[in-house]
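FYI, it's all coordinate maths here, none of it is from the lab. Predicted, not measured: the structure shown is a model, and the values here were computed from it. When we count neighbours, we look across all protein chains shown, and the Cβ atoms used for this are built from the backbone with ideal geometry, even at glycine.
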Amino acid sequence: MQQTFEALVEPRRRDILALIRNTELPAGHIAEAFPDVSRPAVSQHLRVLREAGLISERRDGTKRLYRFDPAGFADLRSFLDSFWDERLELLKTAAEQEERTSHARNN
């Protein structure tokens with residue numbers, strides 16, 4: 001999970017993920033979307049994302065095609081969901097307590 005956090009801390013990598021979230025694109029098309037970034041830098045970002053398991057790479061002839069890989073987010077999502085689950089449980093407990101208190105006052 002640490003590698004996922006480290007990959008996502010860079011805003012350009014998050015932009016790349018958003019770009020390929022619903023499609024598969026060759027590295028050249030991805031680089032064209034970021035004219036202010038050199039192609040070697042985009043390649044480095046893609047490598048970091050791939051090594052973190054956040055994107056997958058497939059070769060088609062001489063092209064490298066990149067696609068978002070939701071499986072790479074599984075540990076991160078589980079970690080974040082644990083916070084949400086705890087908060088929901090606390091909210092449920094508080095709501096139930098409020099309902100019991102309100103019911104007791106009305107009877």
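Over the chain, what is the relative contact order in whole percent, taking alpha-carbon pairs under 8 Å and six or more residues apart? Let's see the in-between values first.
Numbers: 86 pairs, mean separation 28.3, N = 107.
The value is 26 percent.
Output wanted: per-residue J couplings in Hz (rounded whole) for the range 58-66, from phi through Karplus 6.51 cos²θ - 1.76 cosθ + 1.60, θ = phi - 60°, x for Gly and Pro.
For the range 58-66, the Karplus-derived couplings read 9, 9, 10, x, 8, 8, 10, 9, 10 Hz, x marking Gly and Pro.
Add -39500 (n - 2.57) for each DSSP H run of 4 or more in the chain, then divide by its residues: what number comes out at 222 nm, to the nearest 500 deg cm²/dmol?
Values: 5 runs with 68 residues, N = 107.
Rounded to the nearest 500, the figure is -20500 deg cm²/dmol.
Report, by chain and number, residues whose modeled amide H sits under 5 Å from the one on ILE55, excluding near sequence neighbours (fewer than 5 apart, same chain).
ARG50, ASP69
If a/c stays under 1.5 just call it rounded; otherwise compare a/b with b/c (prolate if a/b is bigger, oblate if not). Do that for the range 2-72, with a ≥ b ≥ c from the square roots of the Cα gyration tensor eigenvalues. Before the final figure, lay out each step's value.
Numbers: a/c = 1.63, a/b = 1.16, b/c = 1.40.
Oblate shape, in that a/c is at least 1.5 and b/c is the bigger or equal ratio.
Across the range 83-90, in residue order, what do the Karplus-derived ³J(HN,Hα) couplings come to in whole Hz, using 6.51 cos²θ - 1.76 cosθ + 1.60 with θ = phi - 60° and x for Gly and Pro?
3J(HN,Hα) across the range 83-90, in whole Hz: 5, 5, 4, 5, 5, 5, 5, 5.
Angle, helix 39-51 long axis vs. longest principal axis of the chain, Cα atoms, 0 to 90°, nearest 10?
Between helix and principal axis, roughly 50 degrees.
Quickly work out the ARG14-to-ARG100 label distance, labels modelled 7 Å from Cα along the C-beta direction, and quote it in nm with one decimal.
Reported label-point gap for ARG100 and ARG14 is 4.1 nm.
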